[in-house]
Each structure stands twice: as C-alpha cells, then as structure tokens.
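Read the figures in this text as sums done on the coordinates, not as results from a lab. Just so you know, these numbers come straight off a predicted model, no measurement behind them. Cβ placement follows ideal geometry from the backbone for every residue including glycine, while neighbour counts extend to all protein chains displayed.
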Amino acid sequence: MALVWERPVAERRRSVPLDRDRIVATAVALADRDGLDSVTLRRVAADLDVLPMRLYTYLATKDDLLDLLADWAYGLVELPGPRTAWRPALRKVARELRSISTGHPWVITLFGTRSPYGPNGLRLVERVWSTLYDRAPDPASAAAACTAFIGYVTGALAQEAGAPDSPDVQRYLATAVGGGAYPTLARAFAELGPADTFMGGLDVVLDGIAARLSAPAAPPR
C-alpha cells in the first residue's frame, strides 16, 4: 500500500467542508484536550460532525492520521539558518523539539514511533544531516553522529515526559530523596531543572560528535 504522502489528496466537496488540513487540526485539538490515545477516526469524525466513513476519503487507516500528526509537529520546528555553525544549529533544533513537546506532550510518542517520512519530517532530517555530513571524516561517522543526536533528543524527551507528575509520587520522592540516604540525588534535584538536565545531556552528546568530526577517516575495509 502506498504511504499517505504518495496518495493524491481527495478533492474537497462543496457540500462537505472537509480536507486533510481540517482533519489534522481537529485531531490536534483532540490530542491536546484528551491525549493521543483519544485520537481515533471515530472521535475525530464526531468532532467534525461527519460519519467516520467520510474520513476514509482522505485516510486509509489510523496510522495515516498519526503520520500526518507527526509531520504537523515537525512542521512547527523553526530550523536554523544555512550558515549557522553546526553546534548552535543542533542546539536550536533540540530546543525547538523540546519546546514543541512541552506545548503538545503527546507529540513525544510520535517522535519516537513514527518515521519522519512526511515533507516536514524530511525537511528536518535533511537539515540535521546537511549540518554534519560534509564535516565528518567519512559517511559512517556522519551517520553515527546524526543518529546519536536524534536518538538522544527523542529519548531524553520521552524520559522527561515520563517523569512522575502525580502529587503523591512527587511527595514520596521529595521525602525519600530528602531523607539523607540519597545525597547526590538531593543535590541534583535542588540544583538542576528539567531544562538544565536536557541541555546538559545534549552538550555531552555534542562533545562526542565533535570528537568524531575531528577524528581521522576510518580506513577502507
């Protein structure tokens, strides 16, 4: 089956004010309100006040909708300019993705589970790869650097999103960590916020990328 990006967009019928953009906007509002698990074709159709079968004019499966949602999120990323140095460029991409995931926490699941095959996703991946590819000593090093960067960002955002937010859990952790048995954790909790931890981990990854970029090319096999 062709991917959603390869199938023609159905013509909009005058009697039914519906198109992919409106479907995605409705799904975004539903996910913002009730979480990603609430986004089903039936719920989206109900919010649009149309029969579920009408959506199949524009989508083949729920996976199509999730792909469109992921690409919508990637489209919110403001990419760095073409002349931006590689390290500030990657830091900006990471901050943008974190900002988007803060405003729409459900996108973190899509970043980790949906391949960025849509136009906005490919635009983002192209920017990351173009930032590093010609600076690396060989293609394998470039691929490793890009994969490490993307893997860190998506993994760190997922971990941050999974942090306990229940008041009972937070109270328990504050008591357990503050009791003296875990002094290092107590210092870390007191001195570092989520943004500090995220950007600090990013700098560690970027340091590793810098080392890889300055390494000699691997000998041919």
### Task
Using the charge dipole of the chain (Lys, Arg: +1 at Cβ; Asp, Glu: -1 at Cβ; taken about the Cα centre), state which of ALA70, LEU173, SER99 has its Cα farthest towards the positive end.
ALA70
### Query
Per-residue ellipticity at 222 nm for the chain, helices alone: DSSP H runs ≥ 4 residues times -39500 (n - 2.57), over residue total, nearest 500 deg cm²/dmol?
-20500 deg cm²/dmol
### Query
Expressed as an acute angle from 0 to 90° and rounded to the nearest 10, what is the orientation of the C-alpha long axis of helix 86-103 relative to the principal long axis of the chain?
50
### Task
Return a whole-number percent for the relative contact order of the chain, with Cα pairs under 8 Å and 6 or more residues apart as the contact set.
17
### Query
Using the eigenvalues of the Cα gyration tensor, what equivalent ellipsoid semi-axes result for the range 1-101 when each is taken as the square root of five times the eigenvalue, whole Å, largest first?
31, 16, 11
